[in-house]
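Visitor: What follows is a single structure, and I will ask about it in a moment.
Each reported figure results from applying straightforward, stated rules to the coordinates on display, with no laboratory input. As the structure is a prediction and not an experimental result, all values here were calculated from the model. Note that each Cβ is placed from the backbone with ideal geometry, even for glycine, and that neighbours are counted across all protein chains shown.
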Amino acid sequence: MTTSNNADHEIYDQPHKNNTEQSLPDHSILGEPEPWESWETRLCLWSIGIGITALFILGVLVNWFLLPS
């Protein structure tokens, strides 16, 4: 694979070798966490909690008003 359009000075990329014997660096492969990561995590947890509470309340309301006694 050439990286230059000039035929006189063709430069070839070295093939990338995946060496599984090398240990991973200390930092994450994905990089640094986003600055809003903690806020986003709290938002997700609150959303799940509100959803579970709403499901419980709607179940109680269905039990009281729609299901026969």
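Visitor: For the residue pair residue 67 and residue 45, what label-to-label distance in nm results when each label sits 7 Å from Cα along the Cα-to-beta-carbon direction?
Guide: 3.2 nm
Visitor: For a quick check: sort 56, 65 by the number of other beta carbons within 10 angstrom, fewest at the front. Present the calculation step by step, with values, prior to reporting the outcome.
Guide: Details: 56 10, 65 7.
Result, fewest neighbours first: 65, 56.
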